[in-house]
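The values are calculated or read from the model by the stated rules, or taken from the named source; none is laboratory data. Computed from a predicted model, the values in this text were never measured in an experiment. Note: ideal-geometry Cβ built from the backbone for every residue, glycine included; neighbour counts use all protein chains shown. Accessible surface areas use protein heavy atoms only, side chains included; no ligands, DNA or RNA. Shrake-Rupley method; radii C 1.70, N 1.55, O 1.52, S 1.80 Å.
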Amino acid sequence: MNMKYLAAAIVALACVSAAEAPKNYSVYGGPAVESDPIILNVFDHALARCSVEASVPQRGTTFTNSFYYNAALRACLSRHGFIDNGAYAYPANSLF
């Protein structure tokens, strides 16, 4: 029974890492993540740590499609030095 949970966790983390495109992220005041293989390797390690942190109920939620999870993931990645430059990175209200 525990093997099923472990397999489900591995598949879930693999899907999360596939959903987070490195082309949307850049280093603070620096190049895009996918421009350098060393930065991309550092980003992959940070994403693996942050996806686990964002799925903990104290930080985010276990539902990977929710806004709380995405906000916790972005907050963790920003603490590691990566900024999200995607189209929906910073939501704005109807005035803007």
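From the list L47, L40, which residue is at pLDDT 85 or above and either buried (at least 19 other Cβ atoms within 10 Å of the Cβ) or small (G, A, S) (or both)? Show your work before the answer.
Working: L40 fails: either buried (at least 19 other Cβ atoms within 10 Å of the Cβ) or small (G, A, S) (or both).
Only one candidate qualifies: L47.
Suppose we keep only residues that are part of a loop (DSSP other than H, G, I, E, B) and either of a type in the set (G, A, S) or at pLDDT 85 or above (or both) within the stretch 64-87. Which one would you say is surrounded by the fewest Cβ atoms within 10 Å (Cβ to Cβ)? Steps first, please.
Step one: list which residues in the stretch 64-87 are part of a loop (DSSP other than H, G, I, E, B), which gives 64-66, 80-81, 85-87.
The next check asks that each one be either of a type in the set (G, A, S) or at pLDDT 85 or above (or both); those that pass are 66, 80-81, 86-87.
Details: S66: 13, H80: 14, G81: 16, G86: 12, A87: 7.
Across the stretch 64-87, the extreme among qualifying residues is A87.
How many residues does the stretch 50-63 contain that are open to solvent by less than 90 Å² (accessible area, probe 1.4 Å) and within 16 Å of R79 (Cα to Cα)? Walk me through it before giving the result.
Of the stretch 50-63, the ones open to solvent by less than 90 Å² (accessible area, probe 1.4 Å) are 50-56, 60-62.
So of that shortlist, the ones also within 16 Å of R79 (Cα to Cα) come out as 50-54, 60.
Result for the stretch 50-63: 6.
Scan the stretch 58-72 and report the pairs whose first residue is among the hydroxyl-bearing types (S, T, Y) and whose second residue is part of a helix (DSSP H, G or I) and modelled with pLDDT of 80 or more, with Cβ atoms within less than 6 Å and a gap of 6+ or a chain change.
If the second residue must be part of a helix (DSSP H, G or I) and modelled with pLDDT of 80 or more, the pairs left are T61/Y68; T61/Y69; Y69/A54.
Taking S66 and the conditions (1) small (G, A, S); (2) within 12 Å of the chain's Cα centre (by Cα); (3) over 18 Å from P22 (Cα atoms), which numbered condition does it fall short on, given that it satisfies the others?
S66 satisfies all of (1) small (G, A, S); (2) within 12 Å of the chain's Cα centre (by Cα); (3) over 18 Å from P22 (Cα atoms) except (2).
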